[in-house]
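Report on the following structure.
The values are calculated or read from the model by the stated rules, or taken from the named source; none is laboratory data. Predicted model, so just to flag it, every value in this text is computed and none were measured. Side chains are part of the model used for accessible areas, which takes the heavy atoms of the whole protein and leaves out ligands, DNA and RNA. Shrake-Rupley method; radii C 1.70, N 1.55, O 1.52, S 1.80 Å.
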Amino acid sequence: MGTAERQRTAEDAYEASARPSGEYRGEPEDRRELWVEEPARRRRLPDPVRTAAVRAVIIVALTLLQAMTAFLCTLAGSWLSFPMVLSSVASTVVATWGVLDVWVTRQVWNQRYGVVSVPSSTARQLRRERRRARRQARTAARSEGRIRRRGRAGQLSHS
């Protein structure tokens, strides 16, 4: 095998690797897309809840960093250890507030805008039944009121 033949086989191998495998064999191939959108498994957090969560994560991270610095200053016997420990206690209070803020914001959001129920939810069925019962009670009360109005004796007008 000469140099020219080796060059041709190398080019053939390169072309074969560049082509999709189905086309090389003469079979049509379903091409996969490079980017495939998949539906999210969980719903995205509402904006206020996500903002509170990001704020809480940043506060907690800074608090941990500050607590670690206070611990290292205490080990080193630095004069900064006492102020750092005091500020770490204050930061812990603020971090607790931040985490509670996420929880409260989430609860308020769910209370205001409701939880999206899935079609198989029993809560949705119960709400439908309650609505239906309320409608029937309203229509019964209306029709009973009409009957009473028609049957009044001694009415001077609209008889």
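Assess whether Trp79 counts as being modelled with pLDDT of 95 or more and open to solvent by 100 Å² or more (accessible area, probe 1.4 Å).
no
Taking the residues in the stretch 103-119 that are open to solvent by less than 100 Å² (accessible area, probe 1.4 Å) and assigned to a helix (DSSP H, G or I) as candidates, determine which candidate is modelled with the lowest pLDDT. Ranking the qualifying residues of the stretch 103-119, first place goes to Asn110.
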